[in-house]
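Q: I'd like to ask you about the structure that follows.
The values are calculated or read from the model by the stated rules, or taken from the named source; none is laboratory data. Everything numeric here is computed off the predicted structure, so don't read it as measured data. Note that we place each Cβ from the backbone using ideal geometry, even for glycine, and neighbour counts take in every protein chain shown. Only protein heavy atoms, including side chains, enter the accessible area calculation; ligands, DNA and RNA are left aside. Shrake-Rupley method; radii C 1.70, N 1.55, O 1.52, S 1.80 Å.
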Amino acid sequence: MSDIVPVLKNMTFSELEDYVLSLGEKKFRAKQIFKRMYEGASSADEFTDLPKSLRGRLAEEASFNAVTMRAKQISKDGTRKYLFDVPGGDAVESVFMHYKYGWSICISSQAGCRMGCAFCASGMKGLSRSLTAGEIVDQIVSVSRDAGERAGHVVVMGIGEPFDNYDELIKALGIIHDERGLGIGARNVTVSTCGLVDRIYDFAQDMPQVGLAVSLHAPNDDIRHQIMPISKKYSMDELMKACRDYTEATHRRITFEYALIEGVNDRDENARELAARLRGMLCHVNLIPINSVEEKPYSSSSRQRAEAFAEILGSRGITATIRRQLGADISAACGQLRLQETE
């Protein structure tokens, strides 16, 4: 037996078929394994529709699980935050939230992040490594199994920059959409990026039905340079062109995430400038009063300031909403997830 144990959740359906054939089994066994695995089965003993001999081989020669749950916290609003160990000594966090349309899960794509946004906890220790497709997908499976609720919506907005792990992200999205497995429709999935322009073009071609959210957080280059290092590689003009080209190619509305930071980007003139920059775009602005991070010097804008900002955008034809804050009491809100290390 090889020292490298294959992780079945890292495999697409066709890859799993090839693996099953390599074991000398019939191809249809892959469908049985894929289905049960994404229903939550996590050990060979739970695959009761497989022959005992195959269950024995899978138990000895393969792994069903890509992540291991270490801890969970439950907020007073019902939001659940999960801490998962991943191979190599790192850990990542996922958040399970309930909205009027059902359960949504926010998952991580990397252990740590190298984007270095000034107000975010996720990149404080830099990037440790990118996750595999199986480690991305298994967060959904593990959380749904523990909570006893199916995640109907997925947002790839947890720890990490998804487009900095592009190939594994695309593979994971394919597994998430596969109707033989999780079967979560593309339009119920959103991927967030801080603005990797080249990958926005790739994403428009590769996953045109998946939602795109762009972490903008500023109306101009000067402010963006202060809080988002990626802006030194891609200017606002380049980013806005990519976003306009994306909407033209996909006919999908972009969500612009805008974290409101007191005294930095939340003034009336900032709102007016943002509205002018977004005029005519197929877009929506999601205003996020920034969540506190102990080590960061920034403060959240008040609710009154957020409402005034949204009103200015709306008066200029830009639809905007103020994000409902969930899980802040367990540090599960936007910008509060961080790279954890196993002890």
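Q: Kindly check whether there is at least one residue in the range 28-36 that is open to solvent by less than 40 Å² (accessible area, probe 1.4 Å), under 21 Å from L131 (Cβ atoms) and of a type outside the set (S, T, N, Q).
A: Yes, that holds for at least one residue.
Q: Could you grab me the full set of residues in the range 267-285 that are assigned to a helix (DSSP H, G or I) and either modelled with pLDDT under 95 or open to solvent by 20 Å² or more (accessible area, probe 1.4 Å) (or both)?
A: Within the range 267-285, D268, E269, R272, E273, A276, R277 meet the criteria.
Q: Go through the range 105-121 residue by residue and tally those that are open to solvent by less than 10 Å² (accessible area, probe 1.4 Å) and within 18 Å of L169 (Cβ to Cβ).
A: Of the residues in the range 105-121, 7 are open to solvent by less than 10 Å² (accessible area, probe 1.4 Å) and within 18 Å of L169 (Cβ to Cβ).
Q: Kindly indicate whether K9 is at pLDDT 95 or above, open to solvent by less than 40 Å² (accessible area, probe 1.4 Å), of a type outside the set (F, W, Y) and within 24 Å of the chain's Cα centre (by Cα).
A: Yes: the conditions hold for K9.
Q: Out of (1) modelled with pLDDT under 95; (2) open to solvent by 10 Å² or more (accessible area, probe 1.4 Å), the odd one out for A333 is which?
A: Single failed check for A333: (2).
Q: Residue under question is A91, and the condition is that it be in contact with a Lys or Arg (Cβ under 9 Å, 6 or more places away or on another chain), under 28 Å from L216 (Cα atoms) and open to solvent by less than 20 Å² (accessible area, probe 1.4 Å); does it hold?
A: Spelling it out, A91 is indeed in contact with a Lys or Arg (Cβ under 9 Å, 6 or more places away or on another chain), under 28 Å from L216 (Cα atoms) and open to solvent by less than 20 Å² (accessible area, probe 1.4 Å).
Q: Please find, within the range 309-329, the residue that is modelled with the lowest pLDDT out of those that are open to solvent by less than 60 Å² (accessible area, probe 1.4 Å) and in a helix (DSSP H, G or I).
A: Of everything passing the filter in the range 309-329, A328 is modelled with the lowest pLDDT.
Q: OK, next. Can you tell me which residue in the range 123-162 is most open to solvent (accessible area, probe 1.4 Å), limited to those that are within 20 Å of C113 (Cβ to Cβ), hydroxyl-bearing (S, T, Y) and in contact with a Gly (Cβ under 9 Å, 6 or more places away or on another chain)?
A: Here the residue is S128.
Q: Where in the range 163-266 are the helices (runs of 4 or more DSSP H), entirely inside, with at least 3 residues that are more than 28 Å from Q304 (Cβ to Cβ) and open to solvent by less than 40 Å² (accessible area, probe 1.4 Å)?
A: 166-177, 197-206, 236-250
Q: Given the conditions (1) modelled with pLDDT of 95 or more; (2) not in a loop (DSSP other than H, G, I, E, B), and given that I288 satisfies all but one, which numbered condition is not satisfied?
A: Going through the list (1) modelled with pLDDT of 95 or more; (2) not in a loop (DSSP other than H, G, I, E, B), I288 breaks only (1).
Q: While we're here: Which pairs have Cβ atoms under 6 Å, sit 6 or more apart or on different chains, and link a residue in the range 48-60 that is among the acidic types (D, E) to one that is surrounded by 11 or more Cβ atoms within 10 Å (Cβ to Cβ)?
A: D49/Q32
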